[in-house]
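Each remark here refers to the structure printed beneath this line.
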Amino acid sequence: MLHIILLILKIVGYILLGIIGLLLALMLIVLFVPVCYEISGKYDDDPEVEGKLSWLFGALKIRGGFKEKKLRARVNFLWFRLFDTEKKDSPEDTEAITDPVLPPAGDETTDIGIDEKTEAERDVIADDAPPITRIEPPLSEKKEKDNRQDIPTVQKRPSPKKERFDSQTSVPESRESLSEKIQKVFARAEKSIDNVRKKWEKLSKKKDMAEKLWNADFVQNSLAFGKKALISILKKIRPGKISGNILFGLGKPSDTGKVLGYASMLYGLYGNAIVLCPDFEKAVFKGDLRVKGSLQLYIFVYWGLRAIMNKNIRKLIACVNHIRKGKEETLWQ
């Protein structure tokens, strides 16, 4: 009985080791198998851009581009197409549209005959109908209305006593309102000055805190670490091959010469890979560019783990959280 249990445990252990080994192999494949990319662009009155990503020796392919003012994308894994924006129309959509069924000729004639009969009947009814007479009101009512309209309306005027009273009381009211206005203006000016002073004090405190935080050792060490990581990542993902031809002109020989001079300062970066053709006579811009390279995902995982284990970066993250929560007073405690 005991040897059966040990045999079962042995089989389960082998299965677990196989699963762990498979997961480890998949992780190594994901981290160290390079992702190849290729980007090409062309400009001749209309821009055209195409991109391609392939991984695991072409098992996964992603294509995309912008051509004829349309975005296109396609994703393939092995022999399966997972996504495609250029699907052809289904046969149901491409079927021929049948002509609508028209009514027979006899129906049209009957409809026309009915319309002609109705029009004729309407003409007969209009001829036989008696003329319409208008009933006018009697002359007495007309005269009463005219007399009512001729009566002038009497407008009431205020009494002179009220006018005098209003004229006497209006002077002190205007004086009081003017003094109140002056007091309100001074009060508003004092409030605005106090607000400006408070804002200036807040800005000065924030400025002092920012200078103190910038000059802190953990901030400077974190910046040095980030610079080192960025340079290392750029070296790994930089393109291995660049080629292109560019024809440009600005319409003025002086401006075109200035641009050519600035571009020649960067000759050490592109070298003979990009050919520049200046046109000193007319304004023109045409060209094509192709970039190819590869990258490995392990470089991002490596620097990410180092950043998590770095004490300076963890302290910087804690300070940022304090500032975000509004706890600047306990920032340096």
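The values are calculated or read from the model by the stated rules, or taken from the named source; none is laboratory data. Keep in mind the model is a prediction, meaning the values are calculated, not measured. Here Cβ is always computed from backbone atoms with ideal geometry, including for glycine, and neighbour counts include all displayed protein chains. In case anyone asks, the SASA skips ligands and DNA or RNA and just uses the protein heavy atoms, side chains included. Shrake-Rupley method; radii C 1.70, N 1.55, O 1.52, S 1.80 Å.
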In segment 234-333, the GluC sites (Glu not before Pro) that sit in a DSSP loop and have at most 12 other Cβ atoms within 10 Å of their own Cβ are Glu281, Glu329
Heads up, I need the accessible area for His322: 1.4 angstrom probe, whole protein in place, Å², nearest 10. 60 Å²
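Full extension from Lys206 to Leu28: what is 0.36 nm times the residue separation minus their Cα-Cα distance, to one decimal in nm?
Gain on stretching Lys206 to Leu28: 59.3 nm.
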Quick check on segment 1-74: take the gyration tensor over C-alpha atoms, sort the square-rooted eigenvalues as a ≥ b ≥ c, and tell me if it's rounded (a/c under 1.5), prolate or oblate. prolate
Which of the pairs Lys42/Lys69; Lys42/Lys258; Lys42/Lys292 have their Cα atoms more than 18 Å apart in this structure? Lys42/Lys258
How about segment 264-306: which chymotrypsin sites (Phe, Trp or Tyr not before Pro) there are in a DSSP loop, with at most 14 other Cβ atoms within 10 Å of their Cβ? Phe280
Rounded, prolate or oblate: which fits segment 208-248 when a ≥ b ≥ c are the square roots of the eigenvalues of the alpha-carbon gyration tensor, with rounded for a/c under 1.5 and prolate only if a/b beats b/c? oblate
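Take the Cα radius of gyration of segment 248-323 and divide it by 2.2 N^0.38 Å, with N its residue count; two decimals is plenty.
Computed over Cα atoms of segment 248-323, the ratio equals 1.99.
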Mind pulling up the Rg/Rh value for segment 166-303? Radius of gyration and Kirkwood radius, both on Cα. 1.42
At 1.4 Å probe size, put Cys319, Cys277 in order of accessible surface, largest to smallest. Cys277, Cys319
Taking a 1.4 Å probe, which of Phe77, Phe186 shows the most accessible area, and what order do the others take after it? Phe186, Phe77
In segment 264-302, which trypsin sites (Lys or Arg not before Pro) are in a loop and have at most 10 other Cβ atoms within 10 Å, using DSSP for the loop call? Lys282
Highest average packing first - 13-26, 237-250, Cβ atoms within 10 Å: 237-250, 13-26
